[in-house]
């Protein structure tokens, strides 16, 4: 090819400094931590790529005219450096909060030890279990290490949401991830406001850093704006925050880290990241200018991130950090049974289905779950259809009642209500009173029994209910399996949360590097955009 670029210097080879053809990038891209030089190979009148050696201003025998230089690239640099500085991590990467404790304390500790952030999956757990996990993390990691706990919106259990928020504040949990919120609640505003103070330089400092996981513009707007004045006033009146905290909260956004959640496992709006992310970035800029915030709001990406290419794409769009979820359920440290992990390991990209959510059943909210190897998606849909079509359990036609009891529930309505009533009597007696006064709510609680149990069966590995496992999963799991096939990550025992993270990040750096070389006009081969998993430290 003709070379029209003007040399900017000369590259002097070292003792082991080969010149690569652009089509021979495999070995070169493994050296992303070394500068890469684009040189003119005079002997063949082609562009070449070189590593090592030195750059000189004068031409000597054996030197190559230097056309451009790419500095070293580290996975640590893929996101926003302020993210790593603010949260005390090495990598702009988070293992997300998989509910029911599937994102375990063990996972959080492994991530913190590797310079990354992990959230404990508190959603769906009873208060004592959340308290136990928080106490363990505080004891083993302290309150300054990079770890956090999920605060999930609980519209059917507002008292539990408030109680968990109080726990996170009281125990000085450093980072809180708010998820599934459709708007601001006193609990999440209190988490953001509690502990606000001025540092020695007079800047507003946070005691609890709040992340907000969003998939809608209107929800993002609320979290990227100051908390409403009336809500702050009410919290002050209840002595839940101080007047100073309320004053400072009116000057900062509720959350300074906004996670844009695209098509993901669990609660999801099935949004496309490439469509949603740029709109939230633009909204961020608009709100920062409107409110005059001194610090920028960071925007991260989640949903569909199961391969190095997907991470590279997220970072290329401007993501400050990335959050993985589905792929971590298959990790060694995940709180899912081996049987559940085996099902996930067989998943392909299309092996997912939407199903009713246990925590928002009566609101018609769905979650994305694994379809391959389980009938949960189909069976739970039958329960929702029956609830939606009838006023009470007694109003369900006998034939349908028999099918639901025999084929789905494996128990009678009366048996399940007796168990459910006992559960709610201990957890929240008001639910029992409401159900006994409202037959349709009673029916919802009976059907929610199956939804809640299905997740527990998958966690415990209940063999007799294997066909009913509820395993939250998005398309990322299938993409990860395709990418990992034939590599060391194909083996379940090698799928640690840290190895998954390091390989995704390393691969994203390699792909980013290949894209940079392509942007120079080099004929980069398709194979350069592939990265095979390998053990990394």
Checklist entry - Got at least one residue in the range 436-454 being assigned to a loop (DSSP other than H, G, I, E, B) and farther than 18 Å from residue 380 by Cα? => result yes
Next on the checklist: Please pick out the residue among 217, 222 that is in contact (Cβ under 8 Å) with a residue 60 or more places away in the chain and either at negative phi or buried (at least 21 other Cβ atoms within 10 Å of the Cβ) (or both).
Outcome noted: 217
Next on the checklist: I'd like to know if the range 114-126 contains one or more residues that are more than 20 Å from residue 209 (Cβ to Cβ), out of contact with any strand residue (DSSP E or B) (no Cβ under 7 Å at 6 or more places or on another chain) and either in a helix (DSSP H, G or I) or modelled with pLDDT of 95 or more (or both).
Outcome noted: no
Checklist entry - If we scan the range 189-209, do we find a residue that is touching a residue at least 60 places away in the same chain (Cβ under 8 Å), in a helix (DSSP H, G or I) and touching a helix residue (DSSP H, G or I) at 6+ places or on another chain (Cβ under 7 Å)? => result yes
Next on the checklist: Whether any residue in the range 280-297 is within 26 Å of residue 111 (Cα to Cα), touching a residue at least 40 places away in the same chain (Cβ under 8 Å) and out of contact with any strand residue (DSSP E or B) (no Cβ under 7 Å at 6 or more places or on another chain) is what I want to check.
Outcome noted: yes
Checklist entry - In the range 162-180, how many are modelled with pLDDT of 95 or more and closer than 23 Å to residue 445 by Cβ? => result 3
Item to check | Residue count, the range 330-346 (criterion: buried (at least 24 other Cβ atoms within 10 Å of the Cβ) and under 19 Å from the mean Cα position of the chain (by Cα)) | outcome: 5
Checklist entry - Can you find a residue in the range 518-526 that is touching a helix residue (DSSP H, G or I) at 6+ places or on another chain (Cβ under 6 Å) and surrounded by fewer than 19 Cβ atoms within 10 Å (Cβ to Cβ)? => result no
Checklist outcome for this item: Going through the range 264-311 in order, the residues found to be part of a strand (DSSP E or B) and modelled with pLDDT under 95 are 266, 267
Checklist entry - Of the residues that make up the range 238-257, is at least one at pLDDT 95 or above, in contact with a helix residue (DSSP H, G or I) (Cβ under 8 Å, 6 or more places away or on another chain), assigned to a strand (DSSP E or B) and under 21 Å from residue 160 (Cα atoms)? => result no
Checklist outcome for this item: Considering residues that are part of a loop (DSSP other than H, G, I, E, B) and out of contact with any strand residue (DSSP E or B) (no Cβ under 8 Å at 6 or more places or on another chain), the number found within the range 153-188 is 10
Item to check | Search result, residues across the range 96-117 that are under 21 Å from residue 510 (Cβ atoms) and in contact (Cβ under 8 Å) with a residue 40 or more places away in the chain | outcome: 114, 116
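The values are calculated or read from the model by the stated rules, or taken from the named source; none is laboratory data. Everything numeric here is computed off the predicted structure, so don't read it as measured data. When we count neighbours, we look across all protein chains shown, and the Cβ atoms used for this are built from the backbone with ideal geometry, even at glycine.
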